[in-house]
Structure formats: C-alpha cells, structure tokens
Amino acid sequence: MIGVLFVCTGNICRSPTAEGVFRTMAAREGLATGFHIDSAGTYDGHVGEPPSRDAVRVAARRGYDLADLRARQVVAPDLQRFDHVLAMDRGHLRALRAMAPPALKDKPRLFLDTAPHLGLQEVADPWYGTLADYERALDTIEAGCAALLEHLRATSLTA
Ligand code: 4NP
C-alpha cells in the first residue's frame with residue numbers, strides 16, 4: 001500500500017477534491033487496493049466539516065463523490081505515516097516542512113511537482129471565488145492526479 005496525503009489550508013476545497021479525484025482515478029485503473037489515500041488541512045477552522053458545497057457540486061458533475069469526506073487537521077505523525085505528503089501550494093509546503101522532524105523535512109512536496117507539463121506549481125485557492133474558480137481548480141487537480149498516478153505507477157507500484 002502506498003500512502004498518499006493531500007494537504008491544503010481548510011481541507012474543504014482543494015485537498016478533499018484531490019483525494020476524491022485520485023481515489024476515483026486509481027479505482028478506474030484497478031489500483032484501488034494499491035493506495036491509502038487521505039487529505040488534511042493546515043488550518044483547524046473547518047475540522048469536522050464536509051467539503052464546500054461548490055467543491056462537492058463541481059466534482060459530482062464530473063463523477064467524483066466528495067460528500068462523505070470530513071475535514072481534519074494535518075498532524076506530525078502524518079509525515080511518518082504517509083509515503084507521499086503533497087502540498088497544494090507553497091504555503092502548505094512551508095507549514096509541512098516546519099512541522100516535520102529533521103529526517104522528514106524533504107518528504108513534503110508540491111502536488112504539481114509530478115505534472116511539470118502543466119506549467120503550474122500551485123493549485124489556486126477557490127475558497128473566496130466563483131463556481132468558475134472551483135471548475136479551474138478541478139481542471140488542475142484532475143490533470144495533476146492523472147500525472148501523479150502515472151508517476152507512482154512507474155516508480156512505486158510493483159504489481
Ligand atoms: P482549501 O480552501 O484550503 O482548498 O480547503 C480554503 C478553505 C478555507 C479557508 C482557506 C482556504 N479559510 O481560510 O477558512
């Protein structure tokens with residue numbers, strides 16, 4: 001099992017979307033049992049809440065079910081527990097590195113590091129935006145998850 005943790009600020013928009021998209025993509029390729037997939041936020045203000053209504057809505061229109069996800073805050077043991085700790089933007093990356101013990105400082109990475117062809121390093125925050133901003137975030141997350149899945153298939157999956 002390869003552990004993959006997606007991290008954003010509130011765990012109600014970007015990272016739960018990435019969790020749902022990656023889980024669905026892995027399942028479609030018959031790889032569901034190969035991964036332990038989760039998401040968390042650096043900020044505790046939305047803990048226990050479902051993803052934002054707009055995130056759920058745009059994801060559902062493309063076949064991703066986020067409705068049952070609930071926000072949680074990232075904790076230091078996550079850095080040990082997950083093989084891949086993937087930050088949606090540089091702020092999250094800084095926060096994750098700051099909480100990591102010295103041996104794990106390099107473990108957190110930007111989610112889009114494995115999708116260089118996109119020409120983007122960060123997934124823009126749709127939280128104060130319109131439905132179109134959620135659509136754009138989902139576009140980026142879908143492309144990022146497809147690239148991540150190919151990368152992990154090539155480098156980590158033995159089956
Ligand atoms: P997310 O979006 O990090 O993609 O879940 C946000 C949600 C809430 C806040 C910021 C970003 N907030 O400041 O409450």
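Quick notes on this structure:
- In this rough spin-label picture, where each label sits 7 Å from Cα along the Cβ direction, the residue 76-residue 130 distance is 4.5 nm.
- Cut-off of 10 Å, at most 14 other beta carbons, DSSP loop: longest stretch of the chain lacking such trypsin sites (Lys or Arg not before Pro): 1-61
- Around residue 93: net Lys/Arg minus Asp/Glu count, Cβ-Cβ under 15 Å: +1
- Under-5 Å amide H pairs with residue 36, H placed in peptide plane, nonlocal only: 2, 3, 4
- For residue 110, the residues whose amide H sits under 5 Å from its own are 87, ignoring neighbours fewer than 5 places away on the same chain, with H placed 1.01 Å from N.
- Relative contact order for segment 48-110, counting Cα pairs under 8 Å that sit 6 or more residues apart, in percent: 28 percent
- Computed about its Cα centre, the charge dipole of segment 23-159 is approximately 220 debye, with only Lys, Arg, Asp and Glu carrying charge at their Cβ.
- 10 °C / 1.306 mPa s Stokes-Einstein diffusion coefficient of segment 17-135, Kirkwood radius on C-alpha pairs, µm²/s: 103 µm²/s
- Residues in segment 130-148 reached by a label modelled at residue 43 [backbone nitrogen below 20 Å; 7 Å Cα→Cβ]: 130-138, 141
Rule-based calculations on the coordinates, nothing more; no lab input. The structure displayed is predicted, hence computed values, not measured ones. With ideal geometry, Cβ positions are generated from the backbone for all residues, glycine too; neighbour counts draw on all protein chains shown.
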